[in-house]
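The values are calculated or read from the model by the stated rules, or taken from the named source; none is laboratory data. The structure presented is a predicted model; accordingly, all values stated were derived computationally and were not measured. Don't worry about glycine lacking a Cβ; one is built from the backbone with ideal geometry, like all the others, and counts go over all protein chains shown. Surface areas here come from the heavy atoms of the whole protein model, side chains and all, with no ligands, DNA or RNA. Shrake-Rupley method; radii C 1.70, N 1.55, O 1.52, S 1.80 Å.
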Amino acid sequence: VQLQAFGGGLVQAGGSLRLSCAASGIIGTVNVMGWYRQAPGKQRELVAAITSGGSTNYADSVKGRFTISRDGAKNTVYLQMNSLKPEDTAVYYCNGGGFLTRAGGWWGQGTQVTVSS
């Protein structure tokens, strides 16, 4: 299984970015897909996750600003990030095969998101 993420970049505080991630090499639907992030010197943390049925889980720090969605038929997941803050700066990783509160074993390559103040 391969996960390929796109959409990172540099944005000013208050701006928006949209990340996307597509899973390939799997037959059927990945039940849970999500996004994690890791800032320098910090542990990787859950940002948001979504089930094939549309149930979601968000980190408190992003609730109301980030929206996760997916195209289940294509095993593709998106993360719309609005009202970005400098503390959102991190490498964002796509994940699959886990649970709403725990990562699975499939990871994408990571995409850098940098928010300038």
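Of all residues assigned to region 98-109, none qualifies as being over 15 Å from R37 (Cβ atoms) and within 11 Å of the chain's Cα centre (by Cα). Quick check on my filter: what residues within region 30-49 are open to solvent by 80 Å² or more (accessible area, probe 1.4 Å) and more than 16 Å from A103 (Cα to Cα)? Hits for region 30-49 are P40, G41, K42. The set of residues in region 43-53 that are in a loop (DSSP other than H, G, I, E, B) and in contact (Cβ under 8 Å) with a residue 12 or more places away in the chain comprises R44, S52.
Would you be able to say whether some residue in region 82-98 is among the hydroxyl-bearing types (S, T, Y), part of a loop (DSSP other than H, G, I, E, B) and touching a helix residue (DSSP H, G or I) at 6+ places or on another chain (Cβ under 9 Å)? No, every residue in region 82-98 fails to be among the hydroxyl-bearing types (S, T, Y), part of a loop (DSSP other than H, G, I, E, B) and touching a helix residue (DSSP H, G or I) at 6+ places or on another chain (Cβ under 9 Å).
What are the pairs, 6+ residues apart or on separate chains, where a residue within region 94-115 that is among the aliphatic types (A, V, I, L, M) has its Cβ under 7 Å from a residue that is open to solvent by 50 Å² or more (accessible area, probe 1.4 Å)? Filtered contacts from region 94-115: L100/S55; V115/A13; V115/K85; V115/P86.
Among the residues of region 4-29, those identified as at pLDDT 95 or above, in a strand (DSSP E or B) and open to solvent by less than 40 Å² (accessible area, probe 1.4 Å) are G9, V11, L17, L19, S20, C21. The residues on offer are G97, G54, and the sole one that is under 19 Å from Q2 (Cα atoms) and modelled with pLDDT under 95 is G97. Of the residues making up region 24-66, just one is in contact with a Leu (Cβ under 9 Å, 6 or more places away or on another chain), within 18 Å of T111 (Cα to Cα) and polar (S, T, N, Q), namely S24.
Within region 58-81, the set of residues being assigned to a loop (DSSP other than H, G, I, E, B), under 13 Å from the mean Cα position of the chain (by Cα) and surrounded by 17 or more Cβ atoms within 10 Å (Cβ to Cβ) is empty. For region 93-109, check the following and say yes or no: at least one residue is open to solvent by 60 Å² or more (accessible area, probe 1.4 Å), of a type outside the set (D, E, K, R) and touching a Phe, Trp or Tyr at 6+ places or on another chain (Cβ under 7 Å). The answer is yes, given that some residue of region 93-109 is open to solvent by 60 Å² or more (accessible area, probe 1.4 Å), of a type outside the set (D, E, K, R) and touching a Phe, Trp or Tyr at 6+ places or on another chain (Cβ under 7 Å).
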